[in-house]
Structure formats: structure tokens, C-alpha cells
Amino acid sequence: MKRWPLTGPGVTYLTVFMVVPLGLVLSYAFFRRGRFGGVVYEPTTENLARLADPLYTDVLLHSTWIAALTTVLALLIGYPTAHVIAGLPRRRQTIALVAVVLPFWTSFLVRVYAWIVLLSGPGWLNKALRAIGLGPVEVLYTDAAVVAGLLYAYLPLMILPLYASLARLDPQLSEAAANLGAGPWTVFRTVTFPLTLPGVLTGCLFVFVPSFGNFVVPELLGGGRSVMVGNLVRDQFLKARDWPFGAALALALLAGLMVLLFAQAWAARRYAPR
Amino acid sequence: MIEIRGVGHRFGRTRALDDVTLDIGEGEFCALLGPSGCGKTTLLRILAGFEKPETGTVTLDGRDLLAVPPHRRPVNLMFQSFALFPHLSVERNVAYGLERERLPRREVRERVEEVLATVGLTEHARRRPHQLSGGQRQRVALARAIVKRPRLLLLDEPLSALDKQVRAGMQLELKRLQHEVGITFLVVTHDQEEAMSLADRIAVMNAGRVEQTDAPVELYERPRTAFVAGFVGANNLFPERDGDGITAVRPERIRIGDGDGDGAGAGAGGRLTGTVVDVSFHGGTTHIAVRVPDLAEPVLVAVQGPSRVATGERVSLSWPPEAAVPIPVSPTEGEKP
């Protein structure tokens, strides 16, 4: 069966509007910047060399840390949630999944601004804390606020793949494990978790990747004090007008994420249930 | 050893089990036989601890079994789908239950090797379940369940996933194993031949109730309800002329003759006349269906070898008095299958 012509429109679209522009931008990394912005087409490696500057490696490390923390928290919150949803009767599962995806129906920016209202000094968080005799805490414009915002934004991307692999799991396998003498925790540790590992890896990737490159949340909730790679790339292109260095940063970011993607694909295949 | 007393259970509005009482003795090979949806699997799941019955008690050696969580019961189940762990090799699947008992690693290894040798899978120990054939998977599932040396082994339709050739061999193997390891077996099946050939005792279930519990031969020769008579060995059921009983006659006890019957109705030692509607040759036997006026179902006759009777022919049917088994009007509202 020759079905590949059907992929034509999709492949053409991706090539023309993604691969080509991305290739162009990334190629800037190997050229000099113009005095007043723009690109001078003289080959150089100095942009890539600049990446080793501790100033920028710190930003990369900080971004990794923030994205990793977000991912771990999303997994810890998302797994039990997905587990509960997969255990509901069919109709309620649909309702729960719609509820999980519902935030995507409103603008991301609006939702991030809403978090400012929640976390600010006289905001709802401190009102609630005062009501129980605690507080006030300065959360807004800290890393904690950034992690909270990213977690809120990308938690559904963790829950959905986890739900998919949990729902696919044969419930008889847990019963078989219990029948062979495994208590609930052991069933989870030895059967449920290993068999949903591909879903876990997918979810982690789905949360880590956009968190790592995000620049809106650190800008608004981090108050510019928490600089992440995304901010740096954006600033190079839009403020510093240093396109070549921005491209070099983007290249580094992309290379890192590609490594993660391949690692995930490899691990998913290795631990695939069959 | 196992005493099931008055167990009842329902799912929503459907009654899955209704006042089921059954005793299973030590070392016995017992079968639950019935059509799908009769509640036999529910009873199995209750014994394994996956369902809690609404009423009734189940005791094992006099102790309440229902109070014990599933993972602490000395009861192992071989699932119909086998439910092998896809991410573990054959030997890790078999070792799983022993590892939960925290046995020394050496003992686990020895027992796994021993049981894999018993079921003939030593060479496949390192394979994953998806690399095995249906028959091999079935033996892994069996090995995984018996390696724990449970007091009671439950088998849910153990042979249904296998094709005919493998089935016969596996049937023998199950019986041999049961003698060898001396574990009490309870097998659930909808296949009467499977139940008859495997079990010492069969409980026939219908619509959530146990209709009759007996040894295979008793069950075959003396069915006590219309349902049992129809389900086990496809008896012909004739309404009794006088009184309100039913008479059951086995297909192989009916003799077929030419069409000069006297047309007398069914009774103790009967004669009937009818028209042949179907003849099917099964190798060893031939099944002939005869439409008789006034009877709702065609009468089934089984004769040895091929038959000269053709479809559309008028024939007479007769049987000796001792072939007619009277069945009292069933106390349960069991329908005919």
C-alpha cells in the first residue's frame, strides 16, 4: 500500500514553514553580527565560544534546575491524578479529562496574570494565610512563583500521557500480582509503575521541554529576576539585536532537547511492555 | 476444606449469585460448569478475594476467608487471559509470587527451576511472554500459580485459549499435575466435556444458582433438573403425559426405525414418529434431528458410525424404559439452554 502521498501536505507545510526557517535562524549562529543588528555573512565560531561564558552556563543550569523541579513536581501530582481518573467509570473519565484540558481554552497570558493576582503581597494567597494566622509570604517574583506557574501551565501535559498508559493497562495484571501475594504498594512498584514507564517518560518530556524554553512565566512571575534560557534567546533577538548569538543559544537549547528526545525514545523502547 | 455457605452477590440490579452453597474437599478436583453469565466466574473472584459477596460465608479450614485480603490468601488463580507480566521474563514471572514471600534467593531459584521443568519450559526461562505460543503461555501461568503451593488453585477456563490439538495434551497434563502436587483444584468452564474429563465432582450452575453437584457419571446418568439434563449431554426432554414431570432421554439411547410407528406419546419406554430435518456426520457418530409433531424442539438422536437415514424421511423413534430418566419439575426457575 502506497499511502505516503497522503503525507504530502503535512510534510510540505512542515518543510516550508518550520524546517527551512529554523535552519536559516540556526545558520546565523555561524555568522558575525552586524554593528547595528542584522547578520554579516562572515563565518565565525565566536558565538558558540561565547556559550561557555559562566554568565550563560549559569542561566542554562538555572533553567535546567527550574524545569527539572517543575517536571518532578508535575510527576508527583500528575501520577496520582491520572491513576484516579483511569479508575473512574467511563463517563466520569471523560468529564475529568475535559476538566484537565479546560484551562487550555483560555489565553495562557491571561492565566499567568491571574497567578500574579493570587500570589502578590495583598493577594489571595496571603489573605488565606492571614485567615489561618500565618504569613504574609513573599512568593511573587521568586523562583517558587516561576515553578508554580510552569507547573500550573504544563501539568495537563503530564496527566494526559500518564492517563493514556494507565488506561491501557490490563487491570488483571494488578489482580494477578495481588493474587501472587503483592500488597497494594508492591503491586504499584513491581507492575503498575514499570508498565507505565513509557507514559511517565513522555509526560516528563512534555513538561520539561516547554518549561525549559519558557520565557513568559519567568518574566511575569519571576519579575525578570529569574532569567531562563528562553528569556535570554528572546532578549538576544529583540533587545540586544544580536541575532547570531541568539541563534547560538537556540542551537544549544535545541541540541539539549534533541538529546532528551532520543533518550526518551530509547528508554521507551527498552521498557516497552511488549 | 473450603465451605461456601449461602453466598449471594449482585452487580447493580443483576443477581450474579443466589444462595450458593458448595463444599470442596482436600485434594479434590472440582469443576464449576455453566453457560457464560451463570455466575461461575464471580464465585471464582470471590474465592480469590477480588469481589466481596453481599451475603453468605466462605471458610477455609474453618477460618473466615472473606476477612483475608487477596494478597494473603493461600489461594492462587490462573486467569483465563493468563495475565502474565509482559515486562518480566518467564522465570521472573514464575518467581514473582515466591519473591513476595521473601524466601531466600536460592530457594526461589530452585523452586522456579523445578516447576519450569515440570511444565517443560526450562529452555524458555529467559523469554518474554510475547515470544511464547499460546500453549506455552498457558503453562507459564500454571507454573506461576502452582509454584506458590497454594491450598486451593483456581483455574478460569484454563483450556479455552488453546486450539484443539494442544487442549487434549494440556488436559492430561493438568490431571497429572493435580495428582503429583496434591493441590485442591477448582476449575471453571462452560465446556461440559472439559469438566467431565478433568473433575472428580462437578457443580452445574445456572442463573447464579448451583443446580446439581455430583460426580461426572452421576450427573450424566441422573440429571436432577431440566437445566442439567439439557446442558450436560444434550438430553431430549419430553413433558410427561400424566402428572407434571419431565422425562429426559439421551440421544444415544434412542433407536431409529422406519416410519411405521404407532404414534404413541412419550412415556416410560416410548415411541414417536417424525420427520428427519437434519443429518450431520461427526466421524464416530452421526447426529440426526427429527421433528416430531407437538414437540417444540426437534428430537436429537445419536447413532454409531454413518447412517442411511436422509433428510425429509419419515422415521419412528423408540427407547427402552430404563433410558427414560424422570426429572421432577425443577424447584428453580432454570430455563432450558
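Any chance the stretch A:96-104 includes a residue that's within 19 Å of the chain's Cα centre (by Cα), within 22 Å of A:L220 (Cβ to Cβ) and β-branched (V, I, T)? No - not one qualifying residue is present in the stretch A:96-104.
Quick grid of which residues meet (1) at pLDDT 90 or above; (2) at positive phi; (3) small (G, A, S); (4) more than 16 Å from the chain's Cα centre (by Cα):
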{"position": "B:V140", "(1), (2), (3), (4)": "yes, no, no, yes"}
{"position": "B:L153", "(1), (2), (3), (4)": "yes, no, no, no"}
{"position": "B:A161", "(1), (2), (3), (4)": "no, no, yes, no"}
{"position": "B:A168", "(1), (2), (3), (4)": "no, no, yes, no"}
{"position": "B:R176", "(1), (2), (3), (4)": "no, no, no, yes"}
{"position": "B:E180", "(1), (2), (3), (4)": "no, no, no, yes"}
{"position": "B:M196", "(1), (2), (3), (4)": "no, no, no, no"}
{"position": "B:A203", "(1), (2), (3), (4)": "yes, no, yes, no"}
{"position": "B:N206", "(1), (2), (3), (4)": "yes, no, no, no"}
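Scanning the stretch A:218-238 for residues that are among the aliphatic types (A, V, I, L, M), within 14 Å of chain B (Cβ to nearest Cβ) and under 27 Å from A:V259 (Cβ atoms) turns up nothing.
Is it true that B:G8 is modelled with pLDDT of 90 or more, in contact with a Ser or Thr (Cβ under 8 Å, 6 or more places away or on another chain), surrounded by fewer than 21 Cβ atoms within 10 Å (Cβ to Cβ) and farther than 23 Å from B:P150 by Cα? It is true that B:G8 is modelled with pLDDT of 90 or more, in contact with a Ser or Thr (Cβ under 8 Å, 6 or more places away or on another chain), surrounded by fewer than 21 Cβ atoms within 10 Å (Cβ to Cβ) and farther than 23 Å from B:P150 by Cα. Annotation: of all residues in the stretch B:97-112 being surrounded by fewer than 22 Cβ atoms within 10 Å (Cβ to Cβ) and not charged (D, E, K, R), the one that is farthest from the chain's Cα centre (by Cα) is B:P104. No other residue among B:V115, B:V94, B:V119 is among the β-branched types (V, I, T), buried (at least 17 other Cβ atoms within 10 Å of the Cβ) and modelled with pLDDT of 95 or more apart from B:V94.
Per the conditions (1) at pLDDT 80 or above; (2) out of contact with any Asp or Glu (no Cβ under 8 Å at 6 or more places or on another chain); (3) not aliphatic (A, V, I, L, M), the sole criterion not satisfied by B:P298 is (2). Candidates in the stretch A:78-114 are the residues that are without any contact (Cβ under 8 Å) to a residue 40 or more places away in the chain and small (G, A, S); of these, the one that is surrounded by the fewest Cβ atoms within 10 Å (Cβ to Cβ) is A:S107. In the stretch A:127-176, the residue that is surrounded by the most Cβ atoms within 10 Å (Cβ to Cβ) out of those that are in a helix (DSSP H, G or I) and within 14 Å of chain B (Cβ to nearest Cβ) is A:A176.
Suppose the filter is under 22 Å from A:P184 (Cα atoms), hydroxyl-bearing (S, T, Y) and either buried (at least 17 other Cβ atoms within 10 Å of the Cβ) or in contact (Cβ under 8 Å) with a residue 40 or more places away in the chain (or both); does B:S81 pass it? So B:S81 fits the description; yes. Is one or more of the residues making up the stretch A:199-211 part of a helix (DSSP H, G or I), within 9 Å of chain B (Cβ to nearest Cβ) and touching a helix residue (DSSP H, G or I) at 6+ places or on another chain (Cβ under 8 Å)? No, the conditions are met nowhere in the stretch A:199-211.
B:E28 passes every criterion in (1) out of contact with any Lys or Arg (no Cβ under 7 Å at 6 or more places or on another chain); (2) within 20 Å of B:Q178 (Cβ to Cβ); (3) of a type in the set (D, E) apart from (1).
Okay, residues lined up against (1) of a type outside the set (K, R); (2) in contact (Cβ under 8 Å) with a residue 40 or more places away in the chain; (3) touching an Asp or Glu at 6+ places or on another chain (Cβ under 8 Å):
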{"position": "A:N179", "(1), (2), (3)": "yes, no, no"}
{"position": "A:P198", "(1), (2), (3)": "yes, yes, no"}
{"position": "A:F208", "(1), (2), (3)": "yes, yes, no"}
{"position": "A:E219", "(1), (2), (3)": "yes, no, no"}
{"position": "A:V229", "(1), (2), (3)": "yes, yes, no"}
{"position": "A:R234", "(1), (2), (3)": "no, no, no"}
{"position": "A:D242", "(1), (2), (3)": "yes, yes, no"}
{"position": "A:A248", "(1), (2), (3)": "yes, yes, no"}
{"position": "A:A265", "(1), (2), (3)": "yes, no, no"}
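What do you reckon, is B:R144 crowded, with 20+ Cβ neighbours inside 10 Å and assigned by TED's automatic domain parsing to the domain that holds B:S36? So B:R144 fits the description; yes.
Within the stretch B:187-223, the only residue that satisfies the criterion of being over 26 Å from B:M78 (Cβ atoms) and buried (at least 19 other Cβ atoms within 10 Å of the Cβ) is B:P223. Selection of the stretch A:239-274 for residues being of a type outside the set (S, T, Y) and within 14 Å of another protein chain (Cβ to nearest Cβ) yields A:A267, A:A268, A:R269, A:R270, A:A272, A:P273, A:R274. Taking the conditions exactly as written (hydroxyl-bearing (S, T, Y), within 30 Å of B:A203 (Cα to Cα) and at pLDDT below 85), does B:T247 satisfy them or not? So B:T247 fits the description; yes. The set of residues from the stretch A:186-198 being touching a Leu at 6+ places or on another chain (Cβ under 8 Å) and facing another protein chain (nearest Cβ under 9 Å) comprises A:V191, A:L195.
Would you confirm whether or not the stretch A:178-185 contains a residue that is away from chain B (no Cβ under 14 Å) and over 21 Å from A:L257 (Cα atoms)? Within the stretch A:178-185, not a single residue is away from chain B (no Cβ under 14 Å) and over 21 Å from A:L257 (Cα atoms).
The values are calculated or read from the model by the stated rules, or taken from the named source; none is laboratory data. These figures come from a predicted structure and were not determined experimentally. Here the Cβ is made from the backbone with ideal geometry for all residues, glycine too, and neighbour counts use every protein chain on show.
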